[in-house]
Amino acid sequence: MTLTPWGDSSQLRERKLAPGQRLSPESVARSQRARLLGAMVAAVAEHGYERTAVKNVVDLSGTSRSAFYAQFANKEDCFAVAVGETVDFALAEVGRAHAEAAGDPDAGLGAALTAFAGLVAAQPAAARACLVEAPVAGGAALARVEAGDAAFAGMIQAGFDRSPRHAGQPPAVVRAIVGGVRAVVCRRLRAGGADAVADLADDLARWALSYESPAAGLRRPRSRVLDPAPRPPDDDHVERIFAALADVVLEKGYQATTLDDVAEWSGISLSTFYSHFRTKRDAFLAAYDAGTTRTLAAALPPFRRAPDWPHGVRAALGGLLTHLARAPEWAHSATVEVLAAGEPGLERRDRALAALTELLAPGQDDFPDAPAIATDAVAGAIFELIRRQVRDRGADRLLDLLPTATFVALAPFTGADQAAAVANERARRRVR
């Protein structure tokens with residue numbers, strides 16, 4: 001049994017209309033559509049998006065293949081509609097809760113997050129479809145989720161603008177807050193199911209409300225484009241495969257990339273590829289692991305050399321952003337396309353976030369009044385900042401994000417004014 005917004009999956013077949021009933025074609029189509037959408041959510045919850053087939057959906061819903069294709073163009077279309085309707089329903093409920101507390105903007109945010117956590121706990125299969133599986137599917141399904149994120153961010157922004165403590169918060173910070181909320185909920189949902197999400201609302205609200213507006217606004221630098229990292233040597237086949245994967249994935253996307261593309265780009269044969277990796281995914285994940293190691297190597301030394309923890313966080317973020325800016329193809333794979341690699345990609349993303357969380361952990365000790373969930377939420381928020389910049393504007397000017405990323409990282413711990421003071425400091429020398 002899997003509960004979905006369209007009913008219990010074990011009862012979908014029982015809702016099949018009996019033959020001979022005088023029902024309009026529209027009524028029949030509505031019944032079939034609802035059962036197919038419920039079956040899609042339930043099948044994806046059981047099998048994952050990649051392994052779900054139209055046959056699974058048809059069998060679970062009690063409809064025919066012809067009925068499926070009369071409603072939807074293909075599996076992708078059906079899943080995108082299911083995700084879109086789930087997002088619309090969630091936004092309506094969250095928006096209603098937010099509006100009912102409109103007299104107190106801070107209480108409104110708490111009410112909205114309580115409603116959101118309650119929906120995730122009540123409908124874990126639908127939540128998993130939106131938060132975990134939509135990035136794997138990409139395309140229209142992911143676009144519907146991101147439209148929901150934008151609407152939620154607009155809701156938070158409107159509340160902040162009415163709050164004396166939060167008015168004037170830059171939209172980028174608000175979008176990062178939404179990314180942090182999503183990352184925490186997604187991680188808890190994958191690790192512990194619905195029960196791990198139900199009690200998150202208060203902690204998430206406390207974390208989000210810790211982003212008060214600083215007395216001094218955040219600096220908006222215009223960094224120079226850095227020289228790219230050197231290309232791999234011709235005799236290193238593995239590094240050439242990694243570089244080719246990054247290039248092709250940047251141009252075509254992970255799902256559309258083929259091994260023929262990688263072989264052509266890298267100038268090696270398929271037999272040479274198979275001497276190192278079994279599949280495209282194996283190679284992509286190995287490239288991700290290697291790239292993550294290099295990124296951490298760029299972030300950790302500046303962190304350790306800093307005079308204190310807040311400046312260490314800023315220095316680490318500067319090293320991380322510099323490395324990604326010099327390797328824009330890898331940055332795209334690491335932040336935009338990794339989620340398309342399915343569950344293994346999500347696991348790699350979570351490991352990368354865990355490494356960032358470790359850099360933030362001293363803040364929990366130094367500032368014990370910070371929300372307990374802050375390190376996990378901040379890591380997700382920074383990932384979202386970087387992902388949006390890479391996706392929308394490219395990676396070459398990622399250092400423009402340094403003041404905003406530093407503020408997002410520090411404010412829940414140090415408070416907004418100290419976070420802004422560290423964020424707005426100018427580098428003593430230009431990074432090369």
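Read the figures in this text as sums done on the coordinates, not as results from a lab. Keep in mind it's a predicted model, so treat the numbers as computed, not measured. Counting neighbours? That spans all protein chains shown, and the Cβs are built from the backbone with ideal geometry, glycine included.
Before moving on, here are some points about what is shown:
- Estimated D of region 77-209 in µm² per second, where Rh is the Kirkwood radius over Cα pairs and Stokes-Einstein applies at 25 °C, 0.890 mPa s: 166
- Among (1) 22, 48, 26, 4; (2) 25, 52, 21, 2, 0; (3) 25, 60, 15, 0, the entry that matches P(r) over Cα pairs in 20 Å bins from 0, in percent as calculated here: (2)
- Relative contact order [Cα under 8 Å, 6+ residues apart], the chain, whole percent: 16
- Fluctuation leader among Ala70, Ala246, Ala419 - the chain, Gaussian network, Cα springs under 10 angstrom: Ala70
- Projected label points at Arg51 and Arg219, each 7 Å from Cα along the beta carbon direction, are separated by 5.1 nanometres.
- Legend: calculated FRET efficiency, Ala107 to Asp161, from the Cβ-Cβ distance at R0 = 22 Å, rounded to 0.05, equals 0.90.
- Shape analysis of region 3-72 yields a ratio of the Cα radius of gyration to the Kirkwood radius, Rg/Rh, of 0.97.
- Taking label points 7 Å from Cα along the Cα-to-Cβ direction, Arg391 and Arg13 give a separation of 3.8 nm.
- Between Asp369 and Asp282, the FRET efficiency estimated from the beta carbon spacing at R0 = 45 angstrom works out to 0.50.
- Overall Cα dimensions of region 237-423 - principal axes, largest extent first, Å: 56, 28, 28
- Residue of Ala183, Ala216, Ala111 that the Gaussian network model of the chain assigns the largest fluctuation, springs spanning Cα pairs under 10 Å: Ala216
- Top of Pro170, Pro25, Pro307 by mean-square fluctuation, Gaussian network on the chain, Cα under 10 Å: Pro25
- Rounded to whole Å, the principal axis extents of the Cα atoms in region 208-308 read 60, 31, 27, largest first.
- Note on the chain: helix-only mean residue ellipticity at 222 nm, from DSSP H runs of 4+ residues weighted -39500 (n - 2.57) and normalised by residue number, equals -21500 deg cm²/dmol.
- Reachable lysines, given that their alpha-carbon falls under 16 Å from the alpha-carbon of Lys55 and they are not under 8 places away in the same chain: Lys75
- Using only Cα coordinates, the Kirkwood hydrodynamic radius of region 328-432 works out to 14.8 Å.
- Cα-based reach from Lys280 at 16 Å (exclusive), listing lysines while leaving out same-chain residues under 8 positions away: Lys252
- The chymotrypsin sites (Phe, Trp or Tyr not before Pro) of region 87-152 include none that DSSP puts in a loop with a beta carbon having at most 11 other beta carbons within 10 Å.
- Under the simplified labelling scheme, the Glu358-Thr293 pair shows an inter-label distance of 1.4 nm, with each label point 7 Å from Cα along Cα→Cβ.
- Extension gain from Ala150 to Asp88, taking 0.36 nm per residue of separation minus the Cα-Cα distance: 21.1 nm
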